[in-house]
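The values are calculated or read from the model by the stated rules, or taken from the named source; none is laboratory data. In this text the structure is predicted, and so the values were computed from the model without any measurement. All Cβ positions, even for glycine, are placed from backbone atoms using ideal geometry, and neighbour counts span all protein chains on display.
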Amino acid sequence: MRILFIIDPLENLSQKWDNSLALARWMLRRGHECWTADVPDIWSTEKSVHADARPLALSSNARPAYLDLLQGPQAVLNLMALDLVIVRKEPPFDLNYYYLTLFLDRIKHTVAVSNDPAGIRKTNEKLGVFCVPKRAPRSLVTCSPGRILQFQRETGKPVVLKPLNEKGGKGVRLLKPHPKLAVRLSRWTGGGTKMMIVQERIRERGHRGDKRILLLEGRLLTAYRKHPPRGDFRSNLSIGGTSSETSITGSERSLIRELRPYLLREGLHLAGLDVMGGKLLDLNVTCPAGMTEAETLCPGFIAAEAWGFFLERRVKRRRRTLPNSRP
């Protein structure tokens, strides 16, 4: 297969922990041709969509073993000539990301694209919790500092403020009663112009952090517990959080069943749920992570392999339905 990974620049990614690179290694070892490009490298004409992409290769001399991905010189790819495009670009979900999904809509009926660009566009990762409203924390979405302040007062306890388009805990704040809170909210919302979500803070007896649950084709792939670093309430691994093994509760299995029809309908093949106390905190669909962490916690389990086999099967099904689709 000829595969394009739309990801952040390789030099910005951890070769040890990045999930996209773990999949790329697996694909290369299977004999597939892999390329990478960032969002600004994708461009379109009236006839097709193209990428200024760089090929990936495995180095046989890397030490340690995971530092083995090399990039070749840039070349122009016609995306219609590929077998698979894997969208793994990290947020922020800005206008260029939005335009990328429109470009990919043009080719997805001929070339397999995962996750589906329309599904990514439709499913804001913070607002995605409203797909199952009864599983969402008590929430308010607004750009009004006054409404946020009122929500905090009505809740009667600390609440969590999140930007709608960021990742990894960036811009996430715990709001407590404070004399200057109204001034701070005005700054954080850009003077009442930046839409935010504010939610009741969820706590779970015996735990400070939440769970990451990874779903593949709407079914449980793996899960682990995340723990916040000292002095922080956020448990994101990117800011120093740690992980440990966990089990899935009956409530969480019910949540997975409730979400599965939506994920399948929108083509969100790989999704990451952040869950705590039975509540869905985030629905990650742009670049869900956690496979490499789960593999470390459970030696012998290779999540990237399951993901890779799923994508291979998807491409084979596409070839059967569109036998003459290659330009």
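For the reader, a short list of remarks on this structure follows.
- Of all the criteria given as (1) surrounded by fewer than 16 Cβ atoms within 10 Å (Cβ to Cβ); (2) under 29 Å from Thr296 (Cβ atoms), the one not satisfied by Trp43 is (2).
- Residues satisfying the stated conditions in the stretch 142-170, i.e. β-branched (Val, Ile, Thr) and out of contact with any helix residue (DSSP H, G or I) (no Cβ under 7 Å at 6 or more places or on another chain): Thr155, Val160
- A Cβ distance below 9 Å, combined with a sequence gap of six or more or placement on separate chains, defines the contacts here; from the stretch 311-327, residues that are in the same structural domain as Asn115 (by TED's automatic domain parsing) and within 11 Å of Asp83 (Cα to Cα) reach residues that are of a type in the set (Lys, Arg) and at pLDDT 95 or above in the pairs Glu312/Arg30.
- Among the helices (runs of 4 or more DSSP H) confined to the stretch 93-187, the ones with at least 2 residues that are under 16 Å from the mean Cα position of the chain (by Cα) and buried (at least 19 other Cβ atoms within 10 Å of the Cβ) are located at 95-105, 117-122.
- Of the set (1) crowded, with 21+ Cβ neighbours inside 10 Å; (2) farther than 18 Å from His207 by Cα, all apply to Ser235 but (2).
- Here the strands (runs of 3 or more DSSP E) wholly within the stretch 213-276 that include at least 2 residues being polar (S, T, N, Q) are 242-244.
- For the stretch 277-327, the set of residues classified as in a helix (DSSP H, G or I) and over 21 Å from the mean Cα position of the chain (by Cα) consists of Arg313, Val315, Lys316, Arg317, Arg318, Arg319, Arg320, Thr321, listed by residue number.
- Lone qualifier among Glu295, Glu266 - being among the charged types (D, E, K, R) and under 22 Å from Gly209 (Cβ atoms): Glu295
- Residue in the stretch 70-77 that is more than 30 Å from Lys162 (Cβ to Cβ), within 22 Å of the chain's Cα centre (by Cα), modelled with pLDDT of 95 or more and part of a strand (DSSP E or B) present: no
- Subset of the stretch 1-20 (residues that are touching a residue at least 24 places away in the same chain (Cβ under 8 Å), over 26 Å from Arg317 (Cβ atoms) and within 15 Å of the chain's Cα centre (by Cα)): Asp8, Trp17, Asp18
- Some residue of the stretch 214-221 being within 22 Å of Ser14 (Cβ to Cβ) and touching a Gly at 6+ places or on another chain (Cβ under 7 Å): yes
- The residues of the stretch 85-107 that are in contact with a strand residue (DSSP E or B) (Cβ under 7 Å, 6 or more places away or on another chain) and not aromatic (Phe, Trp, Tyr), listed by number, are Val85, Ile86, Val87, Arg88, Lys89, Leu100, Leu104, Arg106, Ile107.
- Conditions (1) at pLDDT 95 or above; (2) in a loop (DSSP other than H, G, I, E, B); number of the one not met by Trp17: (1)
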